[in-house]
Amino acid sequence: MLPVLAAPAWMLAVVFVPLAAALLCFLLPRRAVILGLVAAVLTAAVTFALTLEVAAAGTAHTLLGGWAAPLGILWRADGLSAALLAMTALVGVTVSLYAAAYFRDDAHARVFFWPLWLLLWTALNALYLSADLFNLYVTLELLGFAAVSLTALGGGAAALTGAIRYLLVSVLGSLSYLLGVALLYHSCGSVDIGLVAACIPDAPRPASQVAAAAMMAGLILKTALFPFHFWLPPAHGSAPAPVSAVLSALVVKASFYLLLRLWLDVLGGGGRWAAELLGLLGVAAVLWGSVLALRQERLKLLIAYSTVAQIGYLFLALPLAVAGGAAAWTGALYLALAHGLAKAAMFLSAGNLLRFGGHDRIAELDSAVHRLPLTLTAFALAGVSIMGLPPSGGFIGKWLLLKAAFAQGRFGLVVVILLGGVLAAAYVFKVVGHAFTPAARERRLRTVPPGMEWSALLLAAAAIVLGLTLPLISPLLQVGAAPAAMATAFAAWSAA
Amino acid sequence: MSALFDPRLPADALLPLLVLASSLLPGLVVFFLGEARVRTRTALNLGGAFLKLAMVGWMIWGVYHGQRYELRLPLLDDLDLVLRVGALSLLFLVLSAGLWLVTTVYAVGYLEHSPHRSRFFGFFSLCVTATVGVAMAGNLLTFLLFFEMLTLTTYPLVVHRGTEAAREAGVVYLTHTVLAGALLLAGTVWLYTLTGTLTFAPQGFVGDVADSHPAALTAIFALLIGGVGVKAALVPLHGWLPRAMVAPAPVSALLHAVAVVKAGAFGVVLIVYDVFGIEQAAALGVTGPLALVAAVTIVYGSLRALFQDDLKRRLAFSTVSQVSYIVLGVAIVGPLASVGGIVHLVHQGVMKITLFFCAGNLAETLGIHKVSEMNGVGRRMPWTMGAFTIAALGMIGVPPMAGFISKWYLSLGALEAGVHWPLYVLIASSLLNAAYFLPILHAAWMREPTTPWPEPATSAQSGSSARRLQPETGWLLLLPPLVTAALSLLIGLFASMPVSPLEWSLLIAEREFHYP
Amino acid sequence: MTQAVFWALIGMALVVLGLYALIVHAHLLRKVLALNIMSSGVFLVFIGLARRTPDADAPMAADPVPQAMVLTGIVVAVAATGLALALIVRLRALTGRTTLGDDMGD
């Protein structure tokens, strides 16, 4: 890479490269594909450069326009941001390659996909970099609009209905978040995360607590935690495959990241009872999502419900982490990263099967899975990570959660963590099992370009390899992590 | 910890990796080969098998001379993936590497002209890779990894035929093994939170916490044994095994003799010896119940086998019964019993694989699937039935076959430990073994054939001179059972030779018990 | 009750009203209106509470930062409304429906 550029330059590039490309794609629709691909590769490259920079030199900052807080907007990239940025880049560049092949014959979708997708990527990157509560709101809304528009890309009634429901939920969640920001601003007179965090322990009690609750509620709604998951399966299930992949793998992670960021950096990592409540919802999500996934008859809905279950795992980690398990935070993050890669791979595989067979009814997939061994392999490998079998990224995450659960003697959570894995195995093999039964019927089939198969496989392989890279990623996640002192300060505040 | 290889012994650290790679890489390449490229595929498979056997042989020499083979890869912050070769792992390694070679030859012959061969051989190689990984695991985490990999790679083999029965068997197999995997994972993590280590050690590694957490350790023992017990087909976790008989014969042979069942039994050995330590386990009072489960399994399996008319199902229940000899030998706390159990790991493998090869030959050549159809089959296929007879007699425990050695040491061990009931179990089981094997032998050799045999397809155009060289079935199908039958005779006859399985087992038991 | 708290309470009332309407009304246009009322409520809270008077001598010390933020928020709300209306119009053209219906899982 170019060592002459400092971290702030990479940070700006990470946001402005996809933004500029999105505008260019909009202005030059005929060249959208090539522009989009170049931008995707470029964005991924600068993101990896930034990640390496953060891993080597620690947390990076930049002040937009040179204005300092409380008035200016601070961008900050610590280990948590860098890890999610890198995951986004990996998924992003692969999905872009996939989409180039996927939308080849669909001029209408192609023209709209590229600017919207690059805008979505911009919003994601900006969200991960922002250290300013209001700026986060703006990125959250940008993300939501891009995601909703992409959901509607298919243009059918199902897609439109899913998109509208998604839009209503997304705006509602953002408003709830904004209400919290308003109350926090009232208490602290700033929206800078650092300043707000410093003022929180002394802030007037009911206002700041209501603020925290409102923000959390909004983000939970956007993250589709049970019982607010109702909007997710229709939206993710009816979008085109690359869009579903992006929505399930990345967009849901963004609001989870923000929730985590607030919890750790603004509220100080305490909040025992809130964590218990969210953990309980997480448990319900794991069980409910898995059972519903198992009962689906359409592949994309199965995968979407699997997302509901996997989000449950992220929240299930909260009570473990708050009770003093640094490993549980790492575990939750690891699950988020692994799920991002694996779920994208699954949706891309589903897209291949759908294109090949013309439908995604699981019971009739046999002819498609026979002809697309690479796609099936991708699905199965992604499934390994979702099930949490070694040596995948999902396994590492579950291992860390289990370790924390055993150390704290929480056997109920142990059972749920394991049961979720068993149910995941059940729904993954419900699909994979078709590979070994002879095809009952032949149907008119469309070919799937090899690029689409290989990109799904690449992401699935990445989810597996993630399981072997904890020694590399664990130190990265520690970069700029919230000091433990703040956690205790918050614990005192919330106990009082 | 952080260095990938120990810089002092790079070659020795690499050897375990190469042993894994010798089946992993051919397996991965085979997936991408076209169905028609039989020669390339066979060359890859056999090349890998020979290479693996050669490397294992090299390591036997090394371990015999005090060499240590160890490879560490950091996986979690404080836990490594460890591949390590010691006396016990070598025993299992030799078994799996040797029998893989034989089974590959057999499978090449058996699956001639059948569809999806690339897929079959690919997963076949991956399955052996997992087994070898289980054998070389240096800590419980590594064991868990390869154990789960074994589950995933055997599933496609079980459902290979793609029939509705195969699909159902696959579902049953997965239900059992996935749940077992969850138990194993739970036990492993729990143990880790208590002890802070998972590295296998000759006397176990739970000694420090045994006094403070006896209840937790007992629960962990139950979880771990439950986890591996499904693969070892301990009653009542054995339900998948007879159903998995729908798989092609080489798969059954591999499942029963080498890979799945044996990995489970090997897991029991590891958990009792290298995780808990036999003395610690005895002190916890968990070996008694384990012995009981083993005894019940032995008798139950034999009883069920008695009533099966389907030959492969009878063999399957026989496996259920025989594998628990290993568990019983471990659970009767005593050095001689351990020798009997450990040596049975090898003996049962060699004998049972012979039986399955023979059953496969009967099915392929004459279409015989049931015991009741076997009248007079010894005249039509004398070589196959000869091999079958040797293995069956070995199973019963007739001296000087391999099975006799196992039962002899198990009985001695029970007496040495001062308990008598295992003796009765062994006697009962041997009688039952005789009761379900001898009628087969009698029917095959003494009875008249009830129906005329189908003529072999190749004999039509062959003249009378070629007729003498014409084997009763394909050479590739005939040679493997003959080799393994001879082997089961030889390892019984020459049990006291320096590197015989028995001598290795004595070495292993010595290490565990400081036995003079 | 200070002026700030008064406006904040009004804002909260609007938020609750909007949320109620969003849930009970099936017609999509009403849902969009409900969201708009909610966002107005949030903006009112924001502005109202930010009109702090740290110095009793300077009653008009309005804080300009939240005003800028609310301006941004209004832009966002307009964009959301526009997007929602476009989608609704399209849905109506396709299906004739102006409600989401119970098409869950379809």
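Brief remarks follow.
- Label point distance in nm, B:Asp310-A:Val41, each placed 7 Å from Cα along Cα→Cβ: 5.6
- Part-to-part distance (alpha-carbon centres) for the stretch B:470-492 and the stretch B:304-338, which is given in Å: 23
- Global geometry of the stretch B:311-355, whether rounded, prolate or oblate, following the gyration tensor of its Cα atoms and the 1.5 cut on a/c: oblate
- Ignoring aspartates and glutamates fewer than eight residues from A:Lys398 along the same chain, the ones with Cα atoms less than 18 angstrom from its Cα are B:Asp77, B:Asp78, B:Asp80, B:Glu148.
- Label-reachable residues, the stretch B:195-227, where backbone N falls under 19 Å from a point 7 Å from A:Ala326's Cα toward its Cβ: B:196-197
- Contour minus Cα-Cα distance for B:Glu472 and B:Thr218 (0.36 nm per residue): 86.0 nm
- Note on A:Lys253: aspartates and glutamates with a C-alpha under 16 Å away, same-chain residues under 8 apart excluded, are A:Glu141.
- Value of [θ]222 nm, deg cm²/dmol, for chain B, DSSP H segments ≥ 4, -39500 (n - 2.57) each, nearest 500: -23500 deg cm²/dmol
- Local charge for A:Thr88 was computed over the other residues whose Cβ lies under 14 Å away, with Lys and Arg +1 and Asp and Glu -1, and equals +2.
- Ranking of A:Val91, B:Val38, B:Val293 by count of other Cβ atoms within 10 Å, fewest first: B:Val38, B:Val293, A:Val91
- Sorted by Cβ neighbour density within 10 Å, fewest at the top, the residues B:Trp240, A:Trp273: A:Trp273, B:Trp240
- Taking 7 Å steps out from each Cα toward its Cβ at B:Leu25 and B:Ala43 produces label points 1.5 nm apart.
- Alpha-carbon centroids, the stretch B:125-202 and the stretch A:168-238: separation in whole Å: 43
- Selection of chymotrypsin sites (Phe, Trp or Tyr not before Pro), the stretch B:9-52, meeting DSSP coil and at most 12 other Cβ within 10 Å: B:Phe32
- Between 0 and 90°, nearest 10: helix A:7-27 axis offset from chain A longest Cα axis: 50
- Nearby lysines by direct alpha-carbon distance to B:Lys370 (threshold 28 angstrom, same-chain neighbours under 8 apart not counted): B:Lys231, B:Lys262, B:Lys312, B:Lys352
- For B:Asn139, the residues 5 or more places off, or on other chains, whose built amide H falls under 5 Å of its own are B:Val82, B:Phe200.
- Cβ neighbours within 10 Å from other chains - mean over A:389-398: 4
- Between the stretch B:41-112 and the stretch A:352-413, the alpha-carbon centres lie 29 Å apart.
- Given their separation in residues at 0.36 nm each and the Cα-Cα distance between them, B:Met446 and B:Phe50 gain 138.6 nm when the chain is fully extended.
- Taking a sphere under 13 Å around the Cβ of B:Gly47 and counting the other residues whose Cβ falls inside, with K and R at +1 and D and E at -1, yields a net charge of +3.
- Neighbour-count order for A:His434, B:His442, B:His113, B:His160, fewest beta carbons within 10 angstrom listed first: B:His113, B:His442, A:His434, B:His160
- Rounded tilt (10° steps) of A:133-151 against the dominant C-alpha axis of chain A: 10
- Degrees separating the helix B:140-158 axis from the principal Cα axis of chain B, which is the longest one: 20
- Sum of side-chain charges, B:Pro214 neighbourhood, beta-carbon under 15 Å (Lys, Arg +1; Asp, Glu -1): -3
None of the figures in this text is laboratory data; all of them are computed from the coordinates on show. Note that the structure is a prediction, hence the values are computed from the model and not measured. Using ideal geometry, Cβ is built from the backbone for each residue, glycine included, and neighbour counts are taken over all protein chains shown.
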